[in-house]
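The values are calculated or read from the model by the stated rules, or taken from the named source; none is laboratory data. Here the structure is a predicted model, which is why all the values come from computation and not from measurement. Virtual Cβ from ideal backbone geometry, glycine too; neighbours counted across all protein chains shown. Quick note on the areas: whole protein, heavy atoms, side chains included, nothing else; ligands and nucleic acids left out. Shrake-Rupley method; radii C 1.70, N 1.55, O 1.52, S 1.80 Å.
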Amino acid sequence: QVQLVESGGGLVQAGASLRLSCAASGGFSRYVMGWFRQAPGKEREFVAVIIGNGGTAYSDSVRGRFTISRDAAKNTLYLQMNSLKPEDTAVYYCAVSIYGTASRRNTDYKYWGQGTQVTVSS
C-alpha cells in the first residue's frame, strides 16, 4: 500500500513560482508517478509524469514552465512550477501508476494523494 501526502500549495500572484512536494510511504523509485490537477467544474487533467529511468512528459499547457522530479532517497516527488498563470489555479494531486509506461490517463493511476490547492491571482 502506498500513501501519498502533497504539500506546498498556496496563493500566489501571476508570474510567481511554487514547488509542490509529494511524500510517499514505502519505496517508489521504480514506479511511474504523475501530477494531475482539477479546477472547479472541470475534469481532472494530466500535468506531468516521471518514469523509473527519470524520463518525463508534460501537458502542452505546462511544458517549459513546470518541472517534475523526484528524490528516491527521500521518497518524495516534486513539481516545480514557474511563471504561474491564473489558469493554473486548481487542486493538484500526485499519483502512482500501476503500469510502467508514462500514462496520461488518470484511470491508469491506482494511488492518489489528498491534493493541495494552488491559487494564482491576476
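Check the stretch 32-54 and report whether any residue there is part of a loop (DSSP other than H, G, I, E, B), among the aromatic types (Phe, Trp, Tyr) and under 17 Å from Lys110 (Cα atoms). Steps first, answer last, please.
Step one: filter the stretch 32-54 for residues part of a loop (DSSP other than H, G, I, E, B), giving 32, 39-44, 51-54.
Cutting the leftovers down to among the aromatic types (Phe, Trp, Tyr) gives us none.
Checked the stretch 32-54: no residue is part of a loop (DSSP other than H, G, I, E, B), among the aromatic types (Phe, Trp, Tyr) and under 17 Å from Lys110 (Cα atoms).
Tell me, which residue of the stretch 32-43 that is buried (at least 17 other Cβ atoms within 10 Å of the Cβ) and not aliphatic (A, V, I, L, M) is nearest to Leu84 (Cα to Cα)? Checking each candidate, the answer is Arg37. Scanning the stretch 20-31 for residues that are open to solvent by less than 30 Å² (accessible area, probe 1.4 Å) and farther than 14 Å from Tyr109 by Cα yields Leu20, Ser21, Cys22, Ala24.
If you go through the stretch 86-103 and pick out every residue that is without any contact (Cβ under 8 Å) to a residue 60 or more places away in the chain and open to solvent by 50 Å² or more (accessible area, probe 1.4 Å), you end up with 2. Residue pairs whose Cβ atoms lie under 6 Å apart, sitting 6 or more positions apart in sequence or on different chains, and linking a residue in the stretch 61-85 that is over 23 Å from Val2 (Cβ atoms) to a partner that is hydroxyl-bearing (Ser, Thr, Tyr), are Arg65/Ser83; Asn82/Ser17. Checked against (1) open to solvent by less than 60 Å² (accessible area, probe 1.4 Å); (2) modelled with pLDDT of 95 or more, Arg63 passes all but a single condition, namely (1). Within the stretch 14-52, which residues are at positive phi and without any contact (Cβ under 8 Å) to a residue 40 or more places away in the chain? Within the stretch 14-52, Gly41 is the sole residue that qualifies.
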